[in-house]
Every structure is written in C-alpha cells, then in structure tokens.
Amino acid sequence: MASFKLLYVTFTLLTLLSSSTFCLGYPGFNFGRGRGGRGVGGVSRPIGGQRFSGLSPRFYSQSCPQANDIVISVLKTAISKDPRMAASLIRLHFHDCFVQGCDASVLLDDHPTFTSEKKSVPNKNSIRGFEVIDEIKAKLEQACPQTVSCADILALAARGSTVLSGGPNWELPLGRRDSRKASLNGSNKNIPPPNSTIQNLVTSFRRQGLNEVDLVSLSGAHTLGMARCTTFKQRLYNQNGNNQPDSTLERSYYHDLKGVCPKTGGDNNISPLDLASPITFDNMYFKLIMSGKGLLTSDQVLLSGKLGKTMQLVKAFADDHTLFFNHFARSMVRMGNIRLVTGNKGEVRKNCRRIN
Ligand code: HEM
C-alpha cells in the first residue's frame, strides 16, 4: 500500500512538472540531481541552457568581460556588512520585472514626467538596496562606460545574492536595456499584496506570463529576508473579519509573532520570513510552510489554498532541496525575461536613478 502511494505521488508530480509550460526534456536543462546547483562565490557549475531572443549570457563578453566580477565584489562587501542585503537585492529584481518588465524602472527617482515607483504601496518604507546598485553602477561606469544596463545589474545582483547566500547558480541571459519611464500605477497594480488568496497569486503571475511552478519556486526567495508586522498582522488579530487569528498559523509560532507585533503599534517591527535560517538560501521556507509556519498569508496559501498543483510543489520542494534549486534557477531566468527592452529601444543609463 505504502509503495503504491509513493508511486502515485511520484507519478502525479512528474505529470504536474511536465505539463507546465516547460518540460522535462528542455534542451540543456536537467531537472534531476547532478547538474549545476549549489555554490558559493560564483564558482559552481551554472544551471543553464535556456535561450531567449535578444539576450545572451555572453552579451558583455567583449564589451565588459569583468562585469560579473565587479558585481560580485561589491555584493560580497555589502552582504558581509548587512546580511539582509542579499534578500533585498533579489526582491528588487522581482519588483522591477513585475512592473513594465525588467527595465530598471524601479530604480528611477521622481521626474517631471513620472512619479517614482519607490512611492508605491508595496515599495514605500520597504524596498531597499538602491545604494548597493549605485555602487555597482559607479564601478561599472569606470571600467566600461555606458555599457552595462541597470536592468542587467539588477539581474546580476539577484543571481549573485542567491549564490553568495548558498543558493543555486545559473547561466544568466543579458542584454536588457533601461526604460525612460517608471509606473507608480503599475507598481501598485502588479505586485501582489501579502494577504493575497491563492487565486489572486496565480492570476497575478499569469499576467506576467508565469505559471504555478514559477509562483511556488519564486516564492521560495522568502527563504531569505524579513517582513514588517504590517504585512502579516491581520493574521494574528483579525484574519477573516471576526477578530480571530488565521487558523492555519501554527500555535507556538502565532504566540511568538504576537510578541513581535502587538495589536496596536509596532507596524515597522520586523520578523524573518524563514525563522529557521533567514540568511541562508535553502528549502527551509517550504519545510516551515509544511508545519504551519509560513509568515505571510501568501506563503501559507501555497499549501492551505487547496490548489493541488501548488500544494504538491510545496511538498516536493520541502522534500528535495535540489529540485527546489533547479526550479528556482529556471524561474528566475523566466522572470528575468518579462517584457524586455532590447536592441536600440530604451537606453543604458549612466546613473540608475535618472534617465540620460
Ligand atoms: C508571491 C507573491 C509575493 C508576495 C505577496 C510577496 C510579499 C512580500 C512582502 C509583503 C515582503 C515583506 C516586505 C516588507 O515588510 O517590507 C516580502 C519580502 C521579500 N520578498 Fe516577497 N512577495 C512575493 C513574491 C516574491 C518573489 C517572486 C520574490 C523574488 C523572487 C520575493 C522576494 C522577497 C524577498 C527576498 C523578501 C525579503 C526582503 C528583505 O528582507 O529586504 N518575493 N515579500
């Protein structure tokens, strides 16, 4: 009976993984163990082989071969001073890509013709890492003037931060160009809120051309970093409008969180998204969800939302960190490919905060 069950679970999982928009036989990409994977300092074999029109992992191989080394050296210093910075930089790439594509719009300050995305509800008092991007850009401008776009810097910083935190490495397509405008409205509309239902999350990711596998694997970025009380307080005191806590929240974790986030005040107090290992990129996030210790509603509903696909993926990633790493790498490339500006459109900004 037990072996039948195991066979059934394995079969449904394989069907699920192969029926999404990628397939197990995708050229150059291996979902099993053994290829690519873990590495620190950018020395591991990268997971790779996905090709996207207009981008290439060798885009700067002639014009700025040292680009990635410069990014990694700035990241190493920044993350050793502030270990949370790795999380913040990964999130910055996400908040860039979900708003008019991966075009560094999130980095622009206010301009007479548009308002900065930094003022949107999801970003205000929350998004961080701009100074690190400025430092990378300044060093790259010295080494290779007006060559490496701010959008590519965000993608390189997200990958470097993942690797330096113990996560997977991947082959990263490059050649994005920077937008000449930002969209405050787009930022408010397209970045899903933390109290999203599973249906809202799926819809929000679909709008960006991403599927349920991308949703679950990319949510795994919450293996790093912190969240403010204001983003999950509703779960502690009034989840459904009846002054009761969220019933999916594990009891002792619920009591601990109440200690950090009182009913009134303390909205900017912070708690780790992965309480077990907040500065290590691992699959603990999924294990915690399995035991009712996901911090945000949007984390826990991947399991409790009763959507078969996401439930099975949470379980699979909790059981197998290599599976999670491979999917995370692949989904980061897919996210990094959203609505690109390439060729002679847009520009390569000299300063990531302003259009040229
Ligand atoms: C699935 C929908 C998602 C929702 C609803 C969501 C929501 C949030 C919220 C509310 C926070 C805390 C912000 C604060 O308190 O200031 C946060 C933090 C974070 N998010 Fe997400 N997120 C989602 C997906 C993602 C994705 C796709 C990524 C990256 C691939 C990501 C990476 C991060 C990271 C690394 C942090 C910690 C940042 C830090 O400590 O500075 N999130 N997210």
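Starting from a Cα-only point model with no solvent, please compute log10 I(q)/I(0) by Debye for region 134-212 at q = 0.12 1/Å.
For the requested q values the scattering log ratios are -0.54.
Of K119/K233; K76/K350; K189/K350, which pairs sit farther than 25 Å apart, going by alpha carbon to alpha carbon?
Those over the limit are K189/K350.
Taking neighbour Cβ counts within 10 Å as the exposure measure, how do S88, S56 sort from fewest upward?
Details: S88 22, S56 15.
Ranking S88, S56 by Cβ neighbours within 10 Å, fewest first, gives S56, S88.
Counting other beta carbons within 10 Å of each residue's own, what order do L295, L257 fall into, fewest first? Don't jump to the answer; show the numbers that get you there.
Numbers: L295 25, L257 21.
With the sparsest Cβ surroundings first, the list reads L257, L295.
Over the Cα atoms of region 78-204, what Rg and Dmax result, in angstrom?
In order Rg, Dmax, the Cα atoms of region 78-204 give 14.8, 47 Å.
If R₀ is 56 angstrom, what is the calculated FRET efficiency for the pair K345 and N238, using the beta carbon separation as r and rounding to 0.05?
Details: r = 47 Å, r/R0 = 0.84.
Between K345 and N238 the formula returns 0.75.
From the C-alpha coordinates alone, can you work out the Kirkwood hydrodynamic radius of region 278-342, in Å?
On the way: mean 1/r = 0.0780 Å⁻¹.
The Cα-based Kirkwood calculation yields 12.8 Å.
Given just the C-alpha atoms of region 221-331, how large is their convex hull per residue in cubic angstrom? Numbers along the way, then the final one.
Details: hull volume 11.0 nm³, N = 111.
In region 221-331, the Cα convex hull volume per residue is 99 Å³.
Give K124/K315; K258/K309; K258/K306 a once-over and call out the pairs whose C-alpha atoms are over 29 Å from each other. Walk me through the numbers on the way to the answer.
Numbers: K124/K315 33 Å; K258/K309 32 Å; K258/K306 26 Å.
Listed pairs above 29 Å: K124/K315; K258/K309.
For the chain, compute Rg over Rh where Rg is the Cα radius of gyration and Rh is the Kirkwood radius from the inverse mean 1/r over Cα pairs. The partial results should precede the final answer.
Working: Rg = 20.0 Å, Rh = 20.8 Å.
So for the chain, dividing Rg by the Kirkwood Rh gives 0.96.
Taking the beta-carbon count within 10 Å as an exposure proxy, list H255, H327 from fewest neighbours to most.
Numbers: H255 12, H327 24.
Result, fewest neighbours first: H255, H327.
What FRET efficiency would be calculated for the residue pair T147, T113, taking the C-beta separation as r and a Förster radius of 30 Å, to the nearest 0.05? The partial results should precede the final answer.
Values: r = 26 Å, r/R0 = 0.87.
My answer for the efficiency is 0.70.
Do any trypsin sites (Lys or Arg not before Pro) in region 64-126 lie in a DSSP loop with no more than 15 other beta carbon atoms within 10 Å, and if so, which? If you can, show how the numbers build up before the last one.
Details: sites: K76, K81, R84, R91, K118, K119, K124; in loops: R84, K124.
The qualifying sites are K124.
Every number in this text was worked out from the coordinates using simple rules, so none of it is lab data. All of these numbers come straight from a predicted model, not from anything done at the bench. Backbone-built Cβ (ideal geometry, glycine too); neighbour counts: all protein chains shown.
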